[in-house]
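Report on the structure given below.
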Amino acid sequence: MKLQAITNPIRRVMFKSVEQPQKAPVASVAKISEGLNQPAKDEFVKSSALEEEKPFELPKDKEFKKPRMATKEKPYCEFDNEKVDLFVNAKEKAIPAVTKMLNEAKTEDEICEGLYIADRMIANGTKGMDKMYYGTFSKFNEDRSPNVQSLLSGVYRRILVPDAFGPLIKMLVQNIMVPPKDAPFDPNEAIGGSILEHIKAPEIHPL
């Protein structure tokens, strides 16, 4: 602080304090360059949002084992658990992918793999899978394959969509009238179990 003398008209000397302007601290060059290299807060938000919006995809450089259908020697289907887990762990983000898989499925192997993945996703608590009944699951209601019927019945048993009850009854009646040929197991057990779950469900009351 510096004191400055001021002389007034009556010859008195008064002293007025004059504040010296404080110099702003100068940041070091290292700190300035460090700050320039740091991403802004908005960039963190944008990158996080992009990661959340990124659709689920299977790794393109990974080769998965093909599904194996049930036979009389091994009356159960086998699927690549690593591939299934990728869908299951992605939960709701994997719904578009499994929907596309089933909509594009042509062979029994492809249909069964998609249905099994859907079943595992539902069992893991993935929300919104019941909406796949219309236009996706329902397109396989007339399929005569015991493998497809059993897996489809398992899916319906979990989602309990009221509109699935009629197709399950029709499926069971057709199999009783014309049993599947050379079936490695009885698909009517899975179909009947799914029908019973629909009957017991308090929100459905199909009968």
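Quick grid of which residues meet (1) out of contact with any helix residue (DSSP H, G or I) (no Cβ under 6 Å at 6 or more places or on another chain); (2) farther than 17 Å from Lys91 by Cα; (3) open to solvent by less than 10 Å² (accessible area, probe 1.4 Å):
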residue	(1), (2), (3)
Ala105	no, yes, no
Gly114	no, no, yes
Ile117	no, no, yes
Leu152	no, yes, yes
Phe165	no, yes, no
> Which pairs do you get when a residue that is in contact (Cβ under 8 Å) with a residue 24 or more places away in the chain, found in the stretch 54-79, comes within reach of a residue that is hydroxyl-bearing (Ser, Thr, Tyr) and outside any loop (DSSP other than H, G, I, E, B), reach meaning Cβ atoms under 6 angstrom, with the pair 6+ apart or on two chains?
Replying inline: Phe79/Tyr116
>> Of the conditions (1) over 16 Å from the mean Cα position of the chain (by Cα); (2) more than 20 Å from Leu151 (Cβ to Cβ); (3) at pLDDT 90 or above, Ser33 satisfies every one except a single condition; which number is it?
In response: (3)
>> I want to confirm something. Restricting to the stretch 54-93 and keeping residues that are more than 23 Å from the chain's Cα centre (by Cα) and among the charged types (D, E, K, R), which single residue is farthest from Pro180 (Cα to Cα)?
In response: Arg68
> Do we find that Ala183 is touching a residue at least 40 places away in the same chain (Cβ under 8 Å) and either more than 30 Å from Lys54 (Cα to Cα) or surrounded by 15 or more Cβ atoms within 10 Å (Cβ to Cβ) (or both) in this structure?
Replying inline: no
> Just one of the numbered conditions (1) under 23 Å from Glu104 (Cα atoms); (2) in a helix (DSSP H, G or I); (3) free of Cβ contacts under 8 Å to residues at least 60 places away in the same chain is not true of Ile169; which one?
Replying inline: (1)
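Test of understanding: among Ser153, Ser138, which residue is closer than 24 Å to Pro75 by Cα, at pLDDT 95 or above and of a type in the set (Gly, Ala, Ser)? Quick ask: steps written out before the conclusion?
On the way: Ser138 fails: closer than 24 Å to Pro75 by Cα.
One residue alone meets the criteria, Ser153.
The values are calculated or read from the model by the stated rules, or taken from the named source; none is laboratory data. Keep in mind it's a predicted model, so treat the numbers as computed, not measured. Here the Cβ is made from the backbone with ideal geometry for all residues, glycine too, and neighbour counts use every protein chain on show. The protein model used for the area step is the full one, side chains on, heavy atoms only, and it has no ligands, DNA or RNA in it. Shrake-Rupley method; radii C 1.70, N 1.55, O 1.52, S 1.80 Å.
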